[in-house]
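The structure appears right after this line, and notes come after that.
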Amino acid sequence: MNDTNPEPTVQSRAVDTHCHLFLLDDDPVTAVERARAAGVDALVCVGIDPQTSRRSVELAESFRGVFATAGMHPHDAGAFDARAGAEIEELLANPHVVGVGECGLDFYRMLSPREDQERVLRVHVALSRETGLPLVIHVRDAWPEILRVLDEGSAERVVLHCFSGDAATAMQVVERGWFLSFAGNVTYPKNAHLREAAAAAPLDRLLVETDSPFLAPQRLRGRDNAPGNVLDVVEAIANARGEAVESVLGATISNARRAFPRLR
């Protein structure tokens, strides 16, 4: 297996449900070509503020199989104002935009005050309900709070990006009918709790992502991640569940299209 672009060992074409093409060192043309060569048929380029959300839309309009989201990351919630909200709302009308976010709560780094993070998250929940698009949720050290805010807002379509909880938290997510998206950190030796969560949750609730350029899988630790490495995540989940890689891959492809109805 090549260190940078592993050859797909299965016939189905994967979906990377969360990456940031605008942060990669590779130019977008190269990144998309390498992803396709690695066996990735579709990828979702996730915006983290109005500027990068607009850039994600531009990339989605330029490349077949690339889709976008629009939203404001909790790190930048303190900068969210009426203008930012209007820009994001405008972008959500674009047919290439498949989700609302990345948004959520991050009480680990606390780069924005809690009250601002919750305020901005509530705006995104409302946008999700208005548009029918799923929420792409970032959560770190804030599981009780994220569940509370989403429940209070009657959030319906939710993708928990880079799922970081344990098996019990996974079942709380599943009970609400939401999706869990696993990233490259599911391959890290110390993260047995993630593999346990992936094994405990029903297969029809699982998604895979790279969060490129972050969270490279174990065999590439210390390097930038890339969308093609999503197959490492599929393999780790399959091993944790004791199921065939092809079965898990096929399920995550189908799940991605249910989680993101505009993904075609």
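If I take R0 = 22 Å and measure r between the Cβ atoms of Ala82 and Arg257 in this structure, what FRET efficiency does the formula 1/(1 + (r/R0)^6) give, to the nearest 0.05?
Values: r = 34 Å, r/R0 = 1.55.
Efficiency for this residue pair is about 0.05.
Given R₀ = 22 Å, FRET efficiency for Ala37-Glu243 by Cβ-Cβ distance, to 0.05? Each step should come with its number before you reach the end.
Details: r = 26 Å, r/R0 = 1.17.
Working from the Cβ atoms, E equals 0.30.
What is the projected area of the convex hull of the Cα atoms of the range 126-219, averaged over all directions, in nm²? It would help to have the intermediate numbers written out before the result.
Values: hull surface 25.0 nm².
Over every viewing direction, the Cα hull of the range 126-219 projects on average to 6.3 nm².
Over the chain, accessible surface divided per residue gives 41 Å², non-protein components excluded, 1.4 Å probe.
Under 5 Å from the amide H of Val40 lie the amide H atoms of Ala14, each residue being 5 or more positions distant or on a separate chain, with H modelled from the backbone and absent for Pro and chain starts. With contacts taken as Cα pairs under 8 Å at a separation of at least 6 residues, the chain carries a relative contact order of 20 percent.
How many percent of the alpha carbon pairs in the range 30-156 exceed a separation of 27 Å? Percent of Cα pairs beyond 27 Å in the range 30-156: 19.
A simple packing score, the average count of other Cβ atoms within 10 Å per residue, orders the peptides 239-249, 54-64 as 54-64, 239-249, with the highest score first. Summary value for the range 110-264: 18 percent relative contact order, contacts being C-alpha pairs under 8 angstrom separated by 6+ residues.
Counting only Cβ charges, +1 for Lys and Arg and -1 for Asp and Glu, the dipole size of the range 41-195 around its Cα centre is about 400 debye.
Counting Cα-Cα pairs of the range 6-83 in 5 Å increments starting at 0 gives whole-percent bin shares of 3, 16, 24, 22, 14, 10, 6, 3, 1, 0.
For the range 107-264, which semi-axes, largest first and in whole Å, follow from the square roots of 5 times the eigenvalues of its Cα gyration tensor?
25, 18, 15
Taken about its Cα centre, the chain carries a charge dipole of roughly 420 debye when the Cβ of each Lys and Arg holds +1 and the Cβ of each Asp and Glu holds -1.
Approximating the spin labels as points 7 Å out from Cα along Cα→Cβ, the Ala93-to-His193 distance works out to 4.4 nm. Accessible surface of Arg13, taken over heavy atoms with a 1.4 Å probe and every protein chain present, rounds to 90 Å². Simple spin-label estimate for Arg114 and Arg221 gives 3.3 nm between the two label positions (7 Å along the Cα-to-Cβ direction from each Cα). Taking a quarter of the surface of the Cα convex hull of the range 104-163 gives a mean projected area of 3.6 nm².
Per residue, the average separation of C-alpha pairs within less than 8 Å and at least 6 apart gives the range 105-151 a relative contact order of 54 percent.
Taking the range 81-96 and a reference point 7 angstrom along Cα→Cβ of Arg129, no backbone N atom is nearer than 11 Å.
Let me have the 222 nm mean residue ellipticity of the chain computed from DSSP H runs of 4+ only, each contributing -39500 (n - 2.57), with the sum over all residues rounded to the nearest 500.
Details: 9 runs with 108 residues, N = 264.
Mean residue ellipticity at 222 nm (helix-derived): -12500 deg cm²/dmol.
Going by accessible surface with a 1.4 Å probe and the largest first, Trp143, Trp178 read Trp143, Trp178.
Estimated at the nearest 10 Å², the accessible area of Cys162 is 20 Å² with a 1.4 Å probe.
The values are calculated or read from the model by the stated rules, or taken from the named source; none is laboratory data. Please read all numbers here as calculations on a predicted model, not as lab measurements. Counting neighbours? That spans all protein chains shown, and the Cβs are built from the backbone with ideal geometry, glycine included. These area figures cover heavy atoms from the full protein model, side chains too; ligands, DNA and RNA do not enter into them. Shrake-Rupley method; radii C 1.70, N 1.55, O 1.52, S 1.80 Å.
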